[in-house]
Every structure is written in structure tokens, then in C-alpha cells.
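Written below as C-alpha cells is the structure these notes are about.
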Amino acid sequence: MASNLLFPTLMLTAGIGIPVMAALNSHLGAKLGSSALATALLFFVGFTLSFAFLLKTEGVPGNIFRANIPWYFYLGGLLVAFYVLSVTWVTPQYGVGNAISFVLLGQLIAISLIDHYGLLGAQQSLLDGKRLLGLAMMVSGVFLVIKRSA
């Protein structure tokens with residue numbers, strides 16, 4: 001199945017893009033003198049490309065607000081905005097590695113809870129001993145990567 005290679009490759013590429021985006025946007029914010037302006041520009045470019053892709057692949061969307069979709073499924077943009085604003089502001093002062101390391105730690109905590117309890121419609125995958133060991137090793141790795149000021 002193509003997804004055996006395609007999905008991990010896409011997600012690895014997306015993962016590589018996160019610190020690159022953080023570095024680019026934090027420097028843009030520093031040069032503009034505004035983390036908020038850099039974030040707004042990032043979202044403008046992202047919206048433009050996403051909307052063009054939507055129109056090219058699916059055409060003009062129909063009814064996007066449907067009664068059978070819980071309201072909170074529409075709030076992902078708030079989390080993305082919070083992430084981009086915070087990483088754009090923090091990264092120049094704290095470093096890309098440190099900032100993204102703590103982002104990764106937050107992601108590890110969130111995936112553990114979401115998967116274990118099957119939150120937000122996710123497939124439930126209980127935290128067994130093997131997964132807990134893997135998470136503990138990843139958390140340890142995050143703390144080993146963080147550069148501490150002496």
C-alpha cells in the first residue's frame with residue numbers, strides 16, 4: 001500500500017518544516033519588529049496557498065458549517081495561531097532547538113492523552129508498557145537535546 005511509505009514521508013517532511021518555519025518566521029518577526037505582523041503574513045501566505053489548492057482540487061466549497069459537526073472541531077485555527085505566535089516570539093530569545101524541543105514535549109503529552117482516551121474522535125490506542133517506555137525515552141531525549149544556559 002502506498003500509504004506505508006507516503007504517509008511517513010509526508011509527516012517526516014512536515015516535521016522538518018516546523019523548525020524551519022519557526023526559524024524563518026522568528027527572524028521575519030525580529031526584522032519587522034513585530035511577531036504579530038510576521039504571524040499574520042505567514043497565515044496570509046498559508047491561506048492563499050491553501051485556498052488556491054482547494055479551488056484547484058475540489059472547486060468552490062459548499063456548506064462548511066454543518067449541524068452534525070461539533071463546534072469545537074472548527075477551533076484548530078486558534079491552536080495554530082497560538083503556536084505560530086508563541087514560537088515566533090519565543091524562538092529569537094530562546095533558540096529554535098529549545099523552543100521546538102518543548103513543542104515536541106507538549107506533542108508527546110497530547111498524543112498520549114488523545115490516543116489513550118480516544119479523544120476528539122481519534123482511534124483509541126491504550127498506553128501499554130511498551131508505549132510508555134517509548135514515550136519515556138522520547139521525553140528523556142527532549143531533555144538531552146535542550147541547551148541550558150550555564
* What are the residue pairs meeting all of these: first residue in the stretch 117-135, first residue in a loop (DSSP other than H, G, I, E, B), second residue of a type in the set (Val, Ile, Thr), Cβ atoms under 6 Å, and 6 or more apart or on different chains? -> ALA122/ILE114
* Would you confirm whether any residue within the stretch 51-66 is out of contact with any Gly (no Cβ under 6 Å at 6 or more places or on another chain) and closer than 26 Å to SER140 by Cα? => no
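Is the stretch 58-75 home to any residue that is closer than 25 Å to LEU41 by Cβ, more than 17 Å from the chain's Cα centre (by Cα) and not in a helix (DSSP H, G or I)?
Of all residues in the stretch 58-75, those closer than 25 Å to LEU41 by Cβ come to 61, 64, 74-75.
If we keep only those that are more than 17 Å from the chain's Cα centre (by Cα) as well, we get 61, 64.
Right, trim to not in a helix (DSSP H, G or I) and you get 61, 64.
Yes, the stretch 58-75 contains a residue that is closer than 25 Å to LEU41 by Cβ, more than 17 Å from the chain's Cα centre (by Cα) and not in a helix (DSSP H, G or I).
Kindly indicate whether THR13 is in contact with a Leu (Cβ under 7 Å, 6 or more places away or on another chain) and under 30 Å from ILE146 (Cα atoms). If you could, list the steps in order and put the result at the bottom.
Working: in contact with a Leu (Cβ under 7 Å, 6 or more places away or on another chain): no; under 30 Å from ILE146 (Cα atoms): yes.
So THR13 fails the test.
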* **Candidates GLY95, GLY121, GLY77 - the one that is at pLDDT below 95, under 23 Å from VAL142 (Cα atoms) and of a type in the set (Gly, Ala, Ser)** => GLY95
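Can you find, within the stretch 1-29, the residue that is surrounded by the most Cβ atoms within 10 Å (Cβ to Cβ) among those that are of a type in the set (Gly, Ala, Ser) and at pLDDT below 90? It would help to see each step written out before you state the result.
Going residue by residue through the stretch 1-29, those that are of a type in the set (Gly, Ala, Ser) are 2-3, 14-15, 17, 22-23, 26, 29.
Narrowing the set further to residues that are at pLDDT below 90 leaves 2-3.
Values: ALA2: 6, SER3: 8.
Filtering the stretch 1-29 for residues that are of a type in the set (Gly, Ala, Ser) and at pLDDT below 90, the one surrounded by the most Cβ atoms within 10 Å (Cβ to Cβ) comes out as SER3.
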* Asked: Between residues in the stretch 44-71 that are more than 30 Å from ASN25 (Cα to Cα) and residues that are assigned to a helix (DSSP H, G or I) and aromatic (Phe, Trp, Tyr), which pairs lie under 8 Å by C-beta distance while being six or more apart or on different chains?
  -> PHE65/TYR74
* To do: Please indicate, with yes or no, whether at least one residue in the stretch 115-131 is closer than 25 Å to GLY17 by Cα, aliphatic (A, V, I, L, M), out of contact with any strand residue (DSSP E or B) (no Cβ under 9 Å at 6 or more places or on another chain) and surrounded by 15 or more Cβ atoms within 10 Å (Cβ to Cβ).
  => no
* Answer with yes or no whether ALA67 is among the aliphatic types (A, V, I, L, M), at pLDDT below 95 and under 24 Å from LEU12 (Cα atoms). => no
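The values are calculated or read from the model by the stated rules, or taken from the named source; none is laboratory data. Just so you know, these numbers come straight off a predicted model, no measurement behind them. Ideal geometry is used to build each Cβ from the backbone, glycine not excepted, and the neighbour counts take in all protein chains shown.
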